[in-house]
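The values are calculated or read from the model by the stated rules, or taken from the named source; none is laboratory data. Everything numeric in this text was worked out from a predicted model, so none of it was measured. Positions of Cβ are backbone-derived with ideal geometry, glycine not excepted, and every protein chain shown enters the neighbour counts. SASA here: full protein model, heavy atoms, side chains in, ligands and nucleic acids out. Shrake-Rupley method; radii C 1.70, N 1.55, O 1.52, S 1.80 Å.
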Amino acid sequence: MTEPITLRAVINKLVERRLLLSNVKAKIAKTITVPVTVRPIPWYINAFMGIGAWLSALLFLGFSFLVHLVRTPLSAIAVGAGLVISTILFHLYQRETLFLNQLFLALNLTGQVLFIGGTVLETDLGTAALVTLVLATLQLWVYQDSVHRFLTVLIGIGALLLLLDDLQIY
């Protein structure tokens, strides 16, 4: 009976027949070694981390209203734009962890609500819808998260419908 053919056996045969240098054997082994998989985090831990991130974003929003960081529509636009820009930058350059992804998503959506709400209060509905549509388009291009993209498409479709209604295009 023959022994099973493995990659290790093939490499050893090639070294024995001098078709492969012995120092290359270690490089091949290093290249094809499969890392040990990390045990997945239980679902309830993921759920608690997500809930914690969303609660922290809500607490931040409440804090910003309590200290009167957001007093006028212009301040809401500024704080919202700051949150959106900072979460995009953090999301692009930060290591991927569930808590940070959820926190950045929550803060980004909070920033969008402040930005869009301030724009609605400062301008007319058509201008706010156009600004929201541009914001949604830019975020689709930049923010690489499936949940965020889904929500951004919904926001963009709503803004497009409001814009079409404001322009009376039926």
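Please report the carbon-and-sulfur percent of the accessible area for the chain; probe 1.4 Å, protein heavy atoms only, DNA, RNA and ligands left out. Mind showing how you got there, number by number?
Values: 8680 of 12160 Å².
Carbon with sulfur: 71 percent of the solvent-accessible area.
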Response to the item:
Expected field for I11, accessible surface area in Å² at 1.4 Å probe radius, rounded to 10, holds 20 Å²
Worksheet entry | Where the Cα pairs of region 94-170 fall when distances are cut into 10 Å bins, in % | 19, 47, 25, 8, 1
Worksheet item: Quick one: helix 7-16 against the long Cα principal axis of the chain, what's the angle to the nearest 10°, folded into 0 to 90?
Response: 40 degrees
Item to complete: Report, to the nearest 10°, how far helix 98-122 tilts away from the longest principal axis of the Cα atoms in the chain, using its own Cα long axis and a range of 0 to 90°.
Response: 20 degrees
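With a probe of 1.4 Å, find how much accessible area the chain has per residue, and write the answer as a whole number in Å².
On the way: 12160 Å² over 170 residues.
Dividing the accessible area of the chain by its residue count gives 72 Å².
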Worksheet item: Pairing the Cα long axis of helix 146-166 with the longest principal axis of the chain, what angle in degrees results, from 0 to 90 and rounded to the nearest 10?
Response: 30 degrees
Item to complete: Among [x] 23.2, 84; [y] 16.9, 58; [z] 26.2, 84, find the value of Rg and Dmax of the Cα atoms in Å that was calculated from the structure presented, and write down its label.
Response: [z]
Discussion item. I want the local charge near I32. Using Cβ-Cβ distances under 13 Å, sum +1 for each Lys or Arg and -1 for each Asp or Glu among the other residues.
Written reply: +4
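In percent, what relative contact order does the chain have, based on Cα pairs under 8 Å that are 6 or more apart in sequence?
Numbers: 134 pairs, mean separation 30.7, N = 170.
After rounding, I find 18 percent.
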